[in-house]
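**Student:** Here's a structure for you.
Derivation of every value follows stated rules applied to the coordinates shown; laboratory data play no part. All figures in this text were calculated on a predicted structure; none of them were measured in a lab. All Cβ positions, even for glycine, are placed from backbone atoms using ideal geometry, and neighbour counts span all protein chains on display.
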Amino acid sequence: MYGMQVFIADYSFTSQLEGSFSQADLQVEVKIDTPQGMSRDRIVTDFTLEAGLYDNSKWHENDRPGDLLTSVVSRLELIAPATFQFYGYHLKGTMENPKLWSAEQPNLYTLVVVLRDASGRVVDCESCQVGIRQITTAYKQLLVNGQPVIIRGVNRHEHHPRLGKTNLESCMVKDLVLMKQYNINAVRNSHYPNHPRWYELCDLFGMYMIDEANIETHGFDHSGPFKHPTMEPRWAAAMLDRVIGMASETFVDKIP
């Protein structure tokens, strides 16, 4: 598969709401991949990054395509490379009166990240749906955007009666519709990371999620000669590797 020599390898989106939820501070971290030997200074000199957040709720009003340029709600600016971490490039911005994401009102925005060369030509572009929300805790309470939430959740295995572990998007949607009809607002991915599309659909439908690494270890006889894997140091590296794999796969998930 052909790819650009300099391209967006990975990115993540985070948001932080101030006390009254009327303003959100936005941040995008971007990792740029380059040919071997290209210096960081050359990347900074020859390329630039842009990011914008778009309100897509009115794009198709009156059955007419919306104007992308007029739907931008926030433009993020590349900040000085003083505290670069693993991802390398940080863009920051703010949004006034954001539409917040929750299970009851799963408002989403479209994030667009653009990489340009020195002439302004678009070299690479990435886009995804993102949500803005705040999770906090109080005494015996879970708060979403300042409101107490009661979790009504289910375990879900990624399984199809005819196709086995090869799931279909239509079946994922059917599961989510059924959950919503029964006032379910949370799902546990038991017991392994799911198909990437499942995470996007949960964002879209409004479903809180407990993700889970594939380290299920029940069913052991504690009276036998073998220790439970969670009690055996020799399994630590393998189990940690699976947790890291789960986090790496879903870190860019769009509801931070």
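**Student:** Give, to the nearest whole percent, the P(r) tail of region 151-250 beyond 17 angstrom, counting all Cα pairs.
**Tutor:** Details: 2916 of 4950 pairs.
Roughly 59 percent, rounded to a whole number.
**Student:** Still on this structure, I have one more. Output ³J(HN,Hα) for region 116-124: one whole-Hz value per residue in order, computed from phi by the Karplus curve 6.51 cos²θ - 1.76 cosθ + 1.60 with θ = phi - 60°, and x for Gly and Pro.
**Tutor:** Result, ordered by residue: 10, 8, 4, 7, x, 6, 6, 8, 7 Hz.
**Student:** At 0.36 nm per residue, minus the direct Cα-Cα distance, what do D117 and S22 gain on full extension? Give it in nm, one decimal, please. List each step's numbers first, then the result.
**Tutor:** Numbers: separation 95, 0.36 × 95 = 34.20 nm, distance 3.55 nm.
In short, 30.6 nm is gained.
**Student:** So, by mean Cβ neighbours within 10 angstrom, what's the order for 174-182, 158-166 with the highest one leading? Before the final figure, lay out each step's value.
**Tutor:** Values: 174-182: 13.6, 158-166: 10.2.
Per-residue mean Cβ counts within 10 Å order the peptides as 174-182, 158-166.
**Student:** Can you tell me the order of 117-129, 9-21 when each peptide is scored by its average per-residue count of other Cβ atoms within 10 angstrom, highest first? Show your work: numbers first, answer last.
**Tutor:** On the way: 117-129: 13.0, 9-21: 15.2.
So the order, starting with the most tightly packed, is 9-21, 117-129.
**Student:** Along the charge dipole of region 152-208, which of P161, V173, V187 sits closest to the positive end, that is, farthest toward it, with unit charges on the beta carbon of Lys, Arg, Asp and Glu (+1, +1, -1, -1)?
**Tutor:** Farthest along the dipole direction, towards plus: P161.
**Student:** Dipole of region 160-226, Cα-centred, from +1 at each Lys and Arg C-beta and -1 at each Asp and Glu C-beta, to the nearest 20 debye?
**Tutor:** Its charge dipole is roughly 280 debye.
**Student:** For region 127-159, state which trypsin sites (Lys or Arg not before Pro) are in a DSSP loop and have at most 10 other beta carbons lying within 10 Å of their beta carbon.
**Tutor:** On the way: sites: R133, K140, R152, R156; in loops: R133, K140, R152.
Answer by residue number: K140.
**Student:** Rounded to whole Å, give me the distance from the Cα center of region 92-120 to that of region 174-253.
**Tutor:** 28 Å
**Student:** Using 7 Å Cα-to-Cβ label points, what is the L143/E104 separation (nm, one decimal)?
**Tutor:** 1.6 nm
**Student:** List, in the order given, every pair from K99/K180; K31/K180; K99/K174; K140/K180; K165/K227 whose Cα-Cα distance in the structure shown is over 32 Å.
**Tutor:** Table pairs above 32 Å Cα-Cα are K31/K180.
**Student:** So, one more: Go ahead and run the numbers for FRET between A237 and N97, Cβ-Cβ distance against an R0 of 35 Å, rounding to 0.05. Intermediate values should be presented prior to the final figure.
**Tutor:** Working: r = 47 Å, r/R0 = 1.35.
Efficiency, from the Cβ-Cβ distance: 0.15.
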